[in-house]
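Worksheet for the structure shown next.
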Amino acid sequence: MVMAAAVAAMPAKLEHIAGGGEGAAGAEAKQIRFIEPFGVAFDSRGNYYVCEFKGHRVIRVDRAGKTSVAAGTGQMGFSGDGGRAEAAQLNDPHGIVISRGDQMFIADTHNNRVRKVDLKSGIITTVAGNGDAGYSGDGGPALKAAFHGIFAMELNPTSDKLYVADLSNRRVRVVDLKSGTVKTVAGNGDKGVPADGAVAEESPLVDPRAVAADGEGNVYVLERGGNALRVVDKAGRIRTLIAPGSVQPDLKGPKHLTMDRNGDVIIADAENHLVRRYAVKTGKTQTIAGTGEAGDTIVSDDPVRSRLRRPHGVTVEALTGDLYISDSYNHRILKLSGR
């Protein structure tokens, strides 16, 4: 049985860096009002971006801490392709990722699409999904394919493949950004627990909520209702890493994951109000932020004595290794450094 460690292994600092205020876009980062921030991503110039689920927009925070709208009018809907991203409508976006070339991809969840914003021109387009809630299109153009609930995405390290958690279809799919085609890499559409060593695309999944890829060809899959972490290896075989009963406490409605610079998996364990790290080499799981009780108290020099409220996003800043946490139901972004 894999047991969760009670404390972080290294000295760390937790700080509130954005959200939690009442200001509109244009305000300083800690003064802006976020509405359920779910995802964070970084561009090549040192700016970071925050995706608001119920705010229906993406906010840019520049290096000076000034905010502005990067995408979305704040009104739920679908519009704007071919025009300025800040004039477009989004529908409950859950996540964002940014490529090496400063292309921002948005999981436009209830539009059943992936949208792309060229951060140089500010123009928004659709790169995957025809808008229909369904499953179709594998082997063909991603723009003509049907998805059903794109909740999270991740790029591979070379930014040429976009992995998509197609939750309601119980599949993980990948969009080849060079050819524009889509295919399934895990899940056959049935609900169930996959057998270790089985072919991933022929296996059931419970409900893939988030996905991450490492530099060795492995794809990690986080299941919300399955309360599990699984991995698809480069041979296309699936294996469960964390299952109910294998850690204490069990994962409870985990919502997002990311890879850190050591190749370990960081998990937003939302309903436990925790952020946890799964060490790939040892198989051990460790709490790195949160007490397990909902709250908004930050103990700067002791993150595991701090209280979070349903964190839905975790992202590592590549240059510094700092972890950005979307403390979603406190409507703020936290930064964990010195891990």
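Please list, or write none, the lysines whose alpha carbon is within less than 21 Å of the alpha carbon of Lys30, excluding same-chain residues fewer than 8 places away.
Within the straight-line cut-off, Lys30 pairs with Lys13, Lys54, Lys66, Lys335.
Under 21 Å Cα to Cα from Lys183, which lysines show up? Leave out anything in the same chain fewer than 8 places away.
Hits, sequence-local ones excluded: Lys116, Lys144, Lys161, Lys191, Lys234.
Would you give the gap between the C-alpha center of segment 305-330 and the C-alpha center of segment 75-105, rounded to a whole Å?
One Cα centre to the other: 22 Å.
Taking a label point 7 Å from the Cα of Glu202 along the Cα→Cβ vector, which residues of segment 220-244 have an amide N closer than 15 Å to it?
From segment 220-244, the list is 235-239.
Within segment 275-312, whose backbone N sits under 15 Å from a point 7 Å along Cα→Cβ of Asn262?
Of the residues in segment 275-312, 276-289 have backbone N under 15 Å from the label point off Asn262.
Please calculate how many Å² of accessible area the chain carries per residue, with a 1.4 Å probe and no DNA, RNA or ligand atoms counted.
Numbers: 13270 Å² over 339 residues.
Heavy-atom accessible area per residue stands at 39 Å².
From the alpha carbon gyration tensor of segment 52-94, can you work out the equivalent ellipsoid semi-axes (sqrt of 5 times each eigenvalue) and give them in Å, largest to smallest? Before the final figure, lay out each step's value.
Numbers: eigenvalues 72, 30, 8 Å².
Rounded to whole Å, the semi-axes are 19, 12, 6.
On a straight-distance basis, which aspartates and glutamates could pair with Lys284 in a cross-link, Cα separation under 16 angstrom, same-chain partners fewer than 8 positions away excluded?
Here the aspartates and glutamates satisfying the reach criterion relative to Lys284 are Asp250, Asp260, Asp264, Asp269.
Stretched out fully, how many nm does the piece from Asp190 to Arg237 gain, at 0.36 nm a residue minus the Cα gap? The partial results should precede the final answer.
Values: separation 47, 0.36 × 47 = 16.92 nm, distance 1.69 nm.
Gain on stretching Asp190 to Arg237: 15.2 nm.
Could you tell me the relative contact order of the chain? Use alpha-carbon pairs under 8 Å, at least six residues apart, and round to a whole percent. Walk me through the intermediate numbers first.
Numbers: 1097 pairs, mean separation 53.4, N = 339.
For the chain, the relative contact order is 16 percent.
With a 1.4 Å probe and all protein chains left in place, how much of the accessible area of segment 20-111 comes from carbon and sulfur atoms, in whole percent?
On the way: 1640 of 3530 Å².
Carbon with sulfur: 46 percent of the solvent-accessible area.
If you roll a 1.4 angstrom probe over the protein chains with everything in place, what fraction of the accessible area of segment 221-339 belongs to carbon and sulfur, to the nearest %? Don't skip to the answer; put the middle values down first.
Values: 1960 of 4470 Å².
That share works out to 44 percent.
Rg to Rh for segment 72-190: what is it, with Cα atoms only and Rh by Kirkwood?
Numbers: Rg = 13.1 Å, Rh = 13.9 Å.
On the Cα set of segment 72-190, Rg over Rh gives 0.94.
Suppose R0 equals 30 Å; then what is the FRET efficiency for Lys13 and Thr158 from their Cβ-Cβ distance, rounded to the nearest 0.05? Display every interim value, and only then the final one.
On the way: r = 32 Å, r/R0 = 1.06.
Once the sixth-power term is evaluated, E becomes 0.40.
Just order 174-181, 328-335 by mean Cβ neighbour count inside 10 Å, highest at the front, would you?
Details: 174-181: 16.6, 328-335: 23.2.
My ranking of the peptides, most packed first, is 328-335, 174-181.
The values are calculated or read from the model by the stated rules, or taken from the named source; none is laboratory data. Remember, predicted model here, so these are calculated numbers, not experimental data. Every residue, glycine as well, gets a Cβ built from its backbone with ideal geometry; the counts of neighbours run over all protein chains shown. Surface accessibility is based on the protein's heavy atoms, side chains included, excluding ligands, DNA and RNA. Shrake-Rupley method; radii C 1.70, N 1.55, O 1.52, S 1.80 Å.
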